[in-house]
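Nothing in this text is a laboratory measurement; each read-out follows from the coordinates by a stated rule. As the structure is a prediction and not an experimental result, all values here were calculated from the model.
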Amino acid sequence: MPTVTETFDAMASKFQASKAAGINATIQYDIAGDQGGTWHAVIKDGACAVNAGPGTNPNLTLTMSSQDWLDMVGGKLSGQMAFMSGKLKLKGDMGLAMKVGSLFQV
């Protein structure tokens, strides 16, 4: 099982540029609990860069616990179920939130 940091380190390599046409956005991830922290992904011109720390004026912020994050990226918990059950909190561009899952290969 990868750590939270490892999932963010691998995130850029799982980016699917073909699904990101027209998306220029910053997505911030606030992960709470053990191994928690803040990361942000900048998607621009078909490329994705993931860095530690908060983003500048993020278009979307996702907040969840480290265990729920690991379950979601591991395929045990769908983003939709996490949101519906209150495990995933979203702030910002809901249209972008609907596309985030398809931008990264799980």
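If amide H atoms are built 1.01 Å from N in the plane of the peptide, which residues on other chains or at least 5 residues away come under 5 Å of the amide H of residue 88? Sorted by chain and number, the residues that satisfy this are 83.
Sequentially through the range 35-40, phi angles give Karplus couplings (6.51, -1.76, 1.60; θ = phi - 60°) of 6, x, x, 10, 9, 9 Hz, Gly and Pro residues having no value and appearing as x.
Taking amide hydrogens as placed 1.01 Å from N in the peptide plane, the amide H of residue 77 sits under 5 Å from those of 72, each at least 5 positions away in sequence or on another chain. Working note: Karplus 6.51/-1.76/1.60 with θ = phi - 60° gives the range 79-96 the couplings x, 5, 5, 4, 5, 5, 8, x, 7, 10, 10, 10, 9, x, 6, 5, x, 5 Hz, where Gly and Pro are set to x. Taking 1.306 mPa s as the viscosity and 10 °C as the temperature, the Stokes-Einstein diffusion coefficient of the range 1-55 based on its alpha-carbon Kirkwood radius rounds to 136 µm²/s.
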